[in-house]
Every structure is written in C-alpha cells, then in structure tokens.
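Some notes on the structure that comes next.
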Amino acid sequence: MAAPSPMSSMGAGHEMRHAGEMQMAHEGHVHAQASGTVNSVDAGAHKVNISHGAIKDLGWPPMTMDFPVAPAVNLKSIKPGSRVNFMLEKGDDGMPVIQSISPTRAGG
C-alpha cells in the first residue's frame, strides 16, 4: 500500500484556502443559492419580495426584502405565496440581483 502523497494529505483546509483565493479573484461577483416564500411580484418593475432563510454565502440572517430580478428571468410561474429556490449574484456595486428563480416541487 502506498503512503499518502503530500498533496492528498493537505485535506479540505487546503481546498478551502483555494476556494477563498478563487473568491477573491472574482471579488465583487458573489453567487449564492437561497430559498424562501414570495410575498409579492412586480412584473413591470421586474422585482420580487421574498422572505428567505439565512444566506450563509452572503452572511445574511433570515429576512424579508425586495430583490431586483435580471431581465432575462421569466416571472410568469412566480406567484405570491409560492415557495421558491433562487440564485443571487451580488455585483461590483454590492447589490444582489436574482439570476434564476423557480418554484420548489410540491412536498419539497
């Protein structure tokens, strides 16, 4: 049986450092997945109000807030009261924009 290589013994800590370095290389464009409940949809302004759980990737606690939605995102299936999964991108200006949103599956 071969001894572990120095690379394999670096473990998750090494990978975490690289992930942090990659994040810094793309700083200003942070992506985060989240889920929540839609309170309102303003299709004309392309905004939704969502009560969401904690978003660890952004360091956010659970809260209710308005989110702008990227113009390419179709909001037809998004209704008040719907449970949704969504992906945010926080740009150079620090403002989060929903890049994708979809209702969760029934029972899920």
Once fully extended, how much extra length lies between Lys47 and Gln99, figured as 0.36 nm per residue of separation less the alpha-carbon to alpha-carbon distance?
17.6 nm
Only bridges whose two residues both fall in the stretch 32-102 count here: according to DSSP, what percent of them are antiparallel, nearest 5?
95
Taking a ≥ b ≥ c as the square roots of the Cα gyration tensor eigenvalues, with a/c under 1.5 meaning rounded and otherwise prolate when a/b beats b/c or oblate if not, the stretch 28-103 comes out oblate
Between beta-carbons, use under 14 Å as the cut-off and find the net charge around Thr104, counting Lys and Arg +1, Asp and Glu -1.
+3
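Starting from the Cα-Cα distance between Asn74 and Met87, subtract it from 0.36 nm times their residue separation and give me the gain in nm to one decimal.
Values: separation 13, 0.36 × 13 = 4.68 nm, distance 1.36 nm.
Taking Asn74 through Met87 to full extension adds about 3.3 nm, to one decimal.
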Considering amide H positions built from the backbone, and no H for Pro or chain starts, which residues 5 or more places from Thr104, or on another chain, come under 5 Å of its amide H?
Arg83, Val84, Asn85
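Any read-out appearing in this document is the output of simple, stated calculations on the displayed coordinates, not a laboratory observation. Since the model is a prediction, treat every value here as computed from it, not as a measurement. Methodologically, a virtual Cβ is constructed for each residue, glycine included, from the backbone with ideal geometry; neighbour enumeration extends over all protein chains shown.
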